[in-house]
1. Note down the nm distance, to one decimal, between modelled labels 7 Å out along Cα→Cβ at SER89 and at GLU229.
2. What number does the stretch 143-341 give for Rg over Rh if you use C-alpha atoms and the Kirkwood radius?
3. Leaving out ligands and nucleic acids, note down the accessible area per residue over the chain with a 1.4 angstrom probe, in whole Å².
4. Using Cα-Cα distances under 8 Å and only pairs 6 or more residues apart, what relative contact order does the stretch 143-341 have, in percent?
5. Give me the one-decimal Kirkwood hydrodynamic radius in Å for the stretch 2-139, with the sum taken over alpha-carbon pairs.
6. Under the 0.36 nm per residue contour assumption, what length would be gained going from the current alpha-carbon distance of ASP291 and GLN208 to full extension?
7. Assuming R0 = 41 Å, can you tell me the calculated FRET efficiency for the pair ALA280 and GLN149, based on Cβ-Cβ distance, to the nearest 0.05?
8. Which of the lysines could a cross-linker bridge to LYS227, judged by Cα under 18 Å and excluding same-chain residues fewer than eight apart?
Amino acid sequence: MQINGTEYRSVWFEQGRLKMIDQNLLPFEFGIKEFSSYMEVAAAIREMTVRGAPAIGAAGAYGIALAALCSPDEKFRTYLRNAREELLSTRPTAIDLSNGVNYVYESTIKFIPDFPHARQVAVLAAQEYAHKSEMDCLELGIVGSALIQDGFRILTHCNAGALATVDHGTALSVIRQAHKQGKNIFVYVDETRPRFQGARLTAFELQQEGIPHAIITDSAAGFYFWKKEIDIVITGADRICLNGDIANKIGTYEKAVLAQVHKVPFYVAAPKSTFDLTCAKGEDIPIEIRDEDEIKRFNGNWLANPSSAALNPAFDITPESLITGIITSSGIFAAKEAAQRV
Ligand code: MRU
């Protein structure tokens, strides 16, 4: 992704350290953080320095690589096991996290007790995971761009952009490609309470790419559907089940209901790492519940009655019946069939 004219990825590995764009600072400040232990990476995922399903998958993969680099030989297996548990405990909903962590973990432990080799494999496996994830996102954008016609007004929710992935994005990869092809498009960006990933991050990415857009409050989408000003909805996903149900950022489900009522197509764009072939249906997906402070305060200022409780589920489930299709690098499939086809 281009940020102020320089090419970046959301996470990358350099000279034995993991680097990340600090997404909590954007768009007001731009900063890069460096990590040299898996504990620091776990904290960064928990605090959402890095967020977005494929991006935390890559961060988790690099977290295991850092564990392999830091571990003493005699404790290698236990150290890696602890790292895996700690990284997996950070955020429960996005399956990409366990795909990234487990890919590097499984690749590495095969080489015990050849420790120098195991360490080298850990770094290479993490780099391979991140590279594949990046390419998958690029390709799904090219595939999905066929759905976007000149003049389309697109609604997206949360940040399914380059920042939420290693690069390119999921829903925003489709939008980027359509824009690159010279299609005249306009994007409605849901602000995405309570952490404002839409208003802060999606709006920032679209502005950096010169893609026409406007931020709307989460509750304004219905008004634009009613005005017939939305031609297509594209979101990302944090987990896709065998039956085609998906989990994505809280508020996605109601956009899918609105889309169906208004006969507007609702698409989900996702890399292969977001499919969970062990998860039968939406009810089986663990939903992350975050701190009520995220709703009640912003940057330390109270936004709500301090002594009231607040409920903060970070994701919701959209049933396959509301999804027109799932955009993947292998093609666009009916939600029901997507897990079998990717
Ligand atoms: O809580 P976040 O910001 O990690 O949630 C991110 C989303 O829900 C995205 O829409 C999602 O990861 C899918 S697209 C990369």
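1. Taking the two extended label points, one gets 4.8 nm.
2. Numbers: Rg = 16.3 Å, Rh = 17.0 Å.
Using only Cα positions, Rg/Rh for the stretch 143-341 is 0.96.
3. On the way: 13890 Å² over 342 residues.
Result: 41 Å² per residue.
4. Details: 415 pairs, mean separation 44.1, N = 199.
So the answer I get is 22 percent.
5. On the way: mean 1/r = 0.0675 Å⁻¹.
Evaluated over the stretch 2-139, this radius sits at 14.8 Å.
6. Length difference between fully extended and current span is 26.8 nm.
7. After rounding, the FRET efficiency stands at 0.70.
8. The reachable lysines, counting only those whose Cα sits under 18 Å from LYS227, are LYS255, LYS263.
The values are calculated or read from the model by the stated rules, or taken from the named source; none is laboratory data. In this text the structure is predicted, and so the values were computed from the model without any measurement. Here Cβ is always computed from backbone atoms with ideal geometry, including for glycine, and neighbour counts include all displayed protein chains. All accessible areas refer to the heavy atoms of the entire protein, side chains included, with ligands and DNA or RNA removed. Shrake-Rupley method; radii C 1.70, N 1.55, O 1.52, S 1.80 Å.
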